[in-house]
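The values are calculated or read from the model by the stated rules, or taken from the named source; none is laboratory data. Values in this document were obtained by computation on a predicted structure and should not be read as measured data. Because the Cβ atoms are built from the backbone with ideal geometry, glycine has one as well, and the counts that use them run over all protein chains shown.
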Amino acid sequence: MPPVGTTKASDMRQKIFQRKFFKSNKEAARSTEFHDLTFSERMSADSLLAFAESSIARAGYTFTTKRSRAVAAKMTTTDPVTKTIWLAYGWDKKSIAERALVLIHELVHVRQAEAWGARKFLRRYLMARWRWIIEMQAYTVSMKATRALGLSTDGKAKRIGKSIHKNYGPWVLFSKSEVVNSTVEILEGA
Ligand SMILES: [Zn+2]
């Protein structure tokens, strides 16, 4: 049996770490670093898609559609080193709104990589704390864009929280419900 005192001390350290982690994520999500990507007015899906595509292209990125049916091909990803946006398999079959929302999310990653440099972006992406911040900034903007399109955001924050827990783990210090609840709190308050 471990000494009781040690367990309590590490519990407390974990709690302090969690509180700090959550606070930095909230601050990052609310930061105005990408404030030019806030959407106050109602937009059409076509104009949002055109805006996302042209902004990404202007940063020197090219688009390539994934050809494999593997699980990883279901997600659209950004490679800041080769400046490639890897579009999910079956991209052309997705609705305009879906494509627009995915590319708005990727546009935030493009801007993060432009602001920090590709190497720093990738280094940060490998660190759990930073990865959540990086994703929170992108999801915050896609939540705002969803509202600007006049689409429902019901259950969206919860789904994002679940996918963060599944894909961006292992969040060893957090349970699934903690990740989901904090994601919902951050995104619904954004
Ligand atoms: Zn992302």
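Rundown of residues vs (1) of a type outside the set (Asp, Glu); (2) in contact with a Pro (Cβ under 7 Å, 6 or more places away or on another chain); (3) within 15 Å of the ligand (Cβ to nearest atom); (4) without any contact (Cβ under 8 Å) to a residue 12 or more places away in the chain, yes/no style:
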{"site": "61", "(1), (2), (3), (4)": "yes, no, yes, no"}
{"site": "83", "(1), (2), (3), (4)": "yes, no, no, no"}
{"site": "87", "(1), (2), (3), (4)": "yes, no, yes, no"}
{"site": "92", "(1), (2), (3), (4)": "no, no, no, no"}
{"site": "105", "(1), (2), (3), (4)": "yes, no, yes, no"}
{"site": "126", "(1), (2), (3), (4)": "yes, no, yes, yes"}
{"site": "133", "(1), (2), (3), (4)": "yes, no, yes, no"}
{"site": "141", "(1), (2), (3), (4)": "yes, no, yes, no"}
{"site": "155", "(1), (2), (3), (4)": "yes, no, no, yes"}
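Where residues in region 107-143 are at pLDDT below 90, among the charged types (D, E, K, R) and surrounded by fewer than 23 Cβ atoms within 10 Å (Cβ to Cβ), which of them is nearest to residue 50 (Cα to Cα)? Looking at the filtered set, the residue picked out is 131. Taken over region 63-81, residues that are within 15 Å of the ligand (Cβ to nearest atom) and in a loop (DSSP other than H, G, I, E, B) amount to 3. Every condition in (1) within 16 Å of the ligand (Cβ to nearest atom); (2) small (Gly, Ala, Ser); (3) out of contact with any helix residue (DSSP H, G or I) (no Cβ under 8 Å at 6 or more places or on another chain) holds for residue 44 except the one numbered (1).
Do we find that residue 62 is touching an Asp or Glu at 6+ places or on another chain (Cβ under 7 Å), within 24 Å of residue 124 (Cα to Cα) and modelled with pLDDT of 90 or more in this structure? Answer is no for this residue. Being within 21 Å of residue 119 (Cα to Cα), among the charged types (D, E, K, R), at pLDDT 90 or above and not in a loop (DSSP other than H, G, I, E, B): is that true of residue 98 here? Judged against the criteria, residue 98 is not a match. Restricting attention to region 171-185, does a residue exist that is within 15 Å of the ligand (Cβ to nearest atom), under 20 Å from residue 27 (Cα atoms) and either in contact with a strand residue (DSSP E or B) (Cβ under 6 Å, 6 or more places away or on another chain) or modelled with pLDDT of 85 or more (or both)? For region 171-185, residues within 15 Å of the ligand (Cβ to nearest atom), under 20 Å from residue 27 (Cα atoms) and either in contact with a strand residue (DSSP E or B) (Cβ under 6 Å, 6 or more places away or on another chain) or modelled with pLDDT of 85 or more (or both): present.
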